[in-house]
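K.L.:
Got a structure for you, written out below as structure tokens; questions coming shortly.
The values are calculated or read from the model by the stated rules, or taken from the named source; none is laboratory data. Every value quoted in this text rests on a predicted model; they were computed, and no experiment measured them. Ligands, DNA and RNA are stripped out before the accessible areas are found, and what is left, the full protein with its side chains, is counted by its heavy atoms. Shrake-Rupley method; radii C 1.70, N 1.55, O 1.52, S 1.80 Å.
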Amino acid sequence: MRRLMATMRCDVRLQLRNGFYYAAAFILACWCVVLTQLPAIDWAWLLPAFVFGNLMMGSFYFIGGMVLLEKGEGTLEAQVVTPLGTGKYLISKVATLTALSLVENLLLVAFAVGMQFAVVPMTLGIVLASALYALVGFVAVAHYDSINEYIMPSIAYVLLLSIPYLHYFRIWESPRLYLHPMQAPLLLMEAAFRPVQAWVWAYGIAYPVVATLVAFWWSRQTFDRFVVPRQGAR
């Protein structure tokens, strides 16, 4: 546990030193300005989709940036030969970025509607979505060593992760979309503004938890297959 806490402190310092917190604050400020310019709209309909998309930057792309920075600075090479362990490395990244995303997006929602939303489902939706975004983001970036190599393939991941928008905006309403792991957190965010049936709560919590465990296993396999050999070969 002490090793994990020390790693989390290092990740927070890395995020702070490289402007991740300032970037999150800037994005939040920009969205707040945009929201003030919008006409009277149904916030209960807009905000879940708004937050869902904003998490993409705060989790998926932020973890990509962190891994590329570590590769560039050579710190990832050092971590590979320490007793830290892949699991703690990933947990630290996911936990610190999820905490940052949670604060940023709860502030965004509170700015838009005050406290006229249910905090628990919004919090659960943000945390579960952010964890999934971060883990898939690690899988996406682990294959690459530079931003130029990474940016174009990342768009394919983003498009796949954004499929629940098809259901949300009634473009394609199919039960098969409930197999998508990001569908469940989005439903939880919707539950922050309207009552939902019990099955939505059960599905919204259980399915992304299982998906997160699978994504965590996938991330560890990716780390061992693509990161360790590359770093060890240097």
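K.L.:
Just to confirm, what accessible area per residue do you get for the chain at 1.4 Å probe, in whole Å²?
P.N.:
Numbers: 11420 Å² over 234 residues.
Value returned for the chain: 49 Å² of accessible area per residue.
K.L.:
While we're looking at this one, here's another question. Over all directions, the average projected area of the alpha-carbon convex hull for the stretch 1-64 comes to how many nm²?
P.N.:
Working: hull surface 22.5 nm².
For the Cα atoms of the stretch 1-64, the hull's average projected area reads 5.6 nm².
K.L.:
Just to make sure I understand: if all protein chains stay in place, what is the order of F169, F60 by accessible area at 1.4 Å, largest first?
P.N.:
Numbers: F169 85, F60 0 Å².
Correct descending sequence by accessible area is F169, F60.
K.L.:
Could you tell me what percent of the accessible area of the chain is made up of carbon and sulfur, with a 1.4 Å probe and every protein chain present? Please report the intermediate quantities before stating the final value.
P.N.:
Numbers: 8030 of 11420 Å².
That share works out to 70 percent.
K.L.:
Can you tell me the alpha carbon radius of gyration of the stretch 1-130 divided by the globular rule-of-thumb value 2.2 N^0.38 Å?
P.N.:
Relative to the rule-of-thumb radius for its length, the stretch 1-130 sits at 1.19.
K.L.:
Further question: If contacts are Cα pairs under 8 angstrom and at least 6 residues apart, what is the relative contact order of the chain in percent? Each step should come with its number before you reach the end.
P.N.:
Working: 248 pairs, mean separation 63.8, N = 234.
27 percent.
K.L.:
Moving on to the next point. On the full set of protein chains, 1.4 Å probe, figure out the accessible area of C32 and give it in Å² to the nearest 10.
P.N.:
20
K.L.:
For the chain, what are the DSSP H helices with axial Cα length of 30 Å or more and mean Kyte-Doolittle hydropathy of at least 1.0?
P.N.:
Values: long enough: 86-113 (40 Å, 1.35); 119-141 (32 Å, 2.24); 198-222 (36 Å, 0.74).
Both cut-offs are met by 86-113, 119-141.
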